[in-house]
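Before any comments, here is the structure.
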Amino acid sequence: MSTLNRRALLAGSAALLATALAGCATTASPVRSQNAASARRPVPPEVAAMYAAVLDDEYPIRASNMELVPERYWRQEVPNTTGEPAGSVVVDTTDRFLYHVRDDGMATRYGVGIGAAGFSWSGRAHIAYKRSWPRWTPPSDMIKRHPELEIYRYGMEPGPENPMGPRALYIHKGNEDTLYRIHGNEDERTIGQAISSGCVRLLPQDIIHLYDNVRSGSPLLVV
């Protein structure tokens, strides 16, 4: 069980959110790593049920293959060691966890994929609003790096092929949109990895669970 370092939390709270290199898309192909080394283990029935196919949403969502995700990244309830108040969302970029703090001294912990080197960010902000099956619009800087994304300059329609997945939480600092998001991603191999362009990614079933429980306006701390 991971314990967040309180000193690191305080240091992170002083950092500013970077906004120049934002956006949500994979920067590199997933690589075989420690995830693969711990793959192909038996998955308990209750975990398989938690990550089962979702067939009653706007678009169908396949079951997540949890054999490909290290057990530490399976959703679970843990003591709140973040020091943050109930309702807060805390992203630990070192251990690759997202915590949603409850009001009973506990927190729901999710495994996440985070931004690659050069796209990482930290600091305090808030969840301004959330969207179900959002559109995805790559920032101009991303289109410059990847001209093939020009066709999506004015947005990509929601759906299974959209890299934002079934849900997204939009991160603002004050009244300013940071362009960073917390969103879904169906590639199990990205959980625990640092490959996105700054956004925080959860498995589809986890982002739906978080979306259903987090409130707009909730404080966010990324450390």
task = Answer rounded, prolate or oblate for region 111-223, using the Cα gyration tensor with square roots of eigenvalues a ≥ b ≥ c: rounded when a/c is under 1.5, else prolate when a/b is larger than b/c, else oblate.
result = rounded
query = region 42-87: which trypsin sites (Lys or Arg not before Pro) are DSSP loop and have at most 11 other beta-carbon atoms within 10 angstrom?
reply = none
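Read-outs: derived from the displayed coordinates by stated rules, not from any lab. Computed from a predicted structure; not experimentally measured. No Cβ is skipped: glycine too gets one built from the backbone with ideal geometry, and neighbour counts run over all protein chains shown.
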